[in-house]
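Values quoted throughout were computed directly from the atomic coordinates according to the rules given, and no laboratory measurement underlies them. Not measured: the values here are computed from a predicted model. Quick reminder, even Gly has a Cβ in these numbers, built from the backbone with ideal geometry, and neighbours come from all protein chains shown.
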Amino acid sequence: MGSNTSKKRKQTNLKDFVSWFEIPAINIEQAVRFYNHIYSIDMETYASNQHTMAIFPANGGIGGAIVAGPGSVPNENGPLVYLNGGADLNNVLNKVEDAGGRVIMQKTLINENDGYFGIFIDSEGNKLAIHSKT
């Protein structure tokens, strides 16, 4: 049982609380086409015996990948990952439906300081959010 005495917690000095993310896929080729289209990028794909992974080109920032293989099951439930929308998230969000996804929340103001977000379902059925300051 816990105690009623308050202890001051030591604050962590982490810059980011996300260091890597993985977006599950069943059809990796379709998922790669989807993200290549909405971000205008070319992802590199790597395969091992059980998994195939396509890496987002992070340029020194927080990285991530699309992953297909055992345990990689797309779904709309669970944690919501916010992807970077760049200068204006509509530049990415407006390409979602052309790439085979579905927008479920258009660009929406959080507040003046935090910017905007939108939510979409990708080509594999994953629910993701996107964020930008403007």
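For the reader, a short list of remarks on this structure follows.
- Percent antiparallel among DSSP beta bridges (both partners in the chain, rounded to 5): 70
- Distance from the C-alpha centroid of the range 1-73 to that of the range 85-134: 17 Å, rounded to the whole angstrom.
- Annotation: extensible slack from Tyr46 through Leu80 equals 9.7 nm (criterion: 0.36 nm per residue apart, minus Cα-Cα distance).
- In order along the range 97-104, the Karplus-derived 3J(HN,Hα) couplings, from 6.51 cos²θ - 1.76 cosθ + 1.60 at θ = phi - 60°, round to 5, 4, 8, x, x, 9, 7, 10 Hz, and Gly and Pro are given as x.
- Lys pairs under 19 Å by Cα in the chain, provided they are eight or more residues apart or on distinct chains: 6
- Contact order normalised by residue count of the chain, Cα under 8 Å, 6+ apart, percent: 24
- Taking amide H as placed 1.01 Å from N in the peptide plane, the amide H of Gly115 sits under 5 Å from that of Ile110, each at least 5 places away or on another chain.
- Where labels lie 7 Å past Cα in the beta-carbon direction, separation of Ile62 and Thr12 in nm: 1.2
- Distance between the pseudo-spin-label points of Lys133 and Ile26 (7 Å out from Cα toward the beta carbon): 4.0 nm.
- Long-range Cα-Cα pairs in the chain (distance over 24 Å), rounded percent: 36
- Ile23 long-range amide H proximity, modeled H, under 5 Å: Ala65, Ile66, Val67
- Nearest-ten-degree value, helix 28-39 long axis tilted from longest Cα axis of the chain: 70
- Here the chain is assigned +1 on the Cβ of each Lys and Arg and -1 on the Cβ of each Asp and Glu. Its dipole about the Cα centre then comes out at about 780 debye.
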